[in-house]
Amino acid sequence: MGYTRLVDRSRCKTFFSVLPQADAQQVKTAVAHLQATLDGEAEALALAHLYRSHELYADAIALLEAYHQATNPPSIAVAHLLADLYWEVELWQQAEALYLQVLEQYRQAEDLDGEVTVLTQLATFYGALLGPTDAKTIAYQAQLDRQRQALGMKEPSAPEQFDGSI
């Protein structure tokens, strides 16, 4: 199996290259080890992180999409990582939809830390796409500030700035 990786996303252009043979063999060995030692969600997450670390985004996304669709109820961790990957490869609509689903799952689970994480990502996401003065950016920033205060964080967050990473 050959691996294709994302190598440059500058100026809205995406280029792909084939993973060098030595790196591909290293990935294959690691995949075999993870598949032999893990299963289920742990395996899916570990493999996705492995693929991501080698910029094998298509492999990571395909794996997580299949796992996410096959599980009921869907895993918050898998959906969250999948949203992050969508963001990294600039699939904005897919990222937005999943971040909103993940936010709702964290709220239903009453997981304030998870909620703060996703609110931070949404405020950053909307700030990067729509600008810091857009209504969605401001709304998610306000929600984030309220949740941070609920968790006892001393200072409200500053408006999030997009630095190109998650």
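In this structure, is residue 99 more than 18 Å from residue 139 (Cα to Cα), out of contact with any strand residue (DSSP E or B) (no Cβ under 6 Å at 6 or more places or on another chain) and modelled with pLDDT of 95 or more?
On the way: more than 18 Å from residue 139 (Cα to Cα): no; out of contact with any strand residue (DSSP E or B) (no Cβ under 6 Å at 6 or more places or on another chain): yes; modelled with pLDDT of 95 or more: yes.
No.
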Next on the checklist: If a residue must be among the charged types (D, E, K, R) and free of Cβ contacts under 8 Å to residues at least 24 places away in the same chain, how many such residues does region 55-75 contain?
Outcome noted: 1
Checklist entry - What are the residue pairs meeting all of these: first residue in region 76-105, first residue touching a residue at least 24 places away in the same chain (Cβ under 8 Å) and closer than 12 Å to residue 45 by Cβ, second residue of a type outside the set (Gly, Ala, Ser) and not in a helix (DSSP H, G or I), Cβ atoms under 9 Å, and 6 or more apart or on different chains? => result 76/111; 78/71; 84/166; 85/91; 85/166
Checklist entry - With respect to residue 65, is the statement that it is modelled with pLDDT of 95 or more and either touching a strand residue (DSSP E or B) at 6+ places or on another chain (Cβ under 7 Å) or of a type outside the set (A, V, I, L, M) (or both) true? => result yes
Item to check | Scope region 100-139; condition polar (S, T, N, Q), under 15 Å from residue 79 (Cα atoms) and touching a helix residue (DSSP H, G or I) at 6+ places or on another chain (Cβ under 7 Å); matching residues | outcome: 101, 105, 121
Checklist entry - Does at least one position in region 70-85 carry a residue that is exposed (fewer than 14 other Cβ atoms within 10 Å of the Cβ) and closer than 19 Å to residue 18 by Cα? => result no
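The values are calculated or read from the model by the stated rules, or taken from the named source; none is laboratory data. Note that the structure is predicted; figures quoted are calculated from it, not measured. All Cβ positions, even for glycine, are placed from backbone atoms using ideal geometry, and neighbour counts span all protein chains on display.
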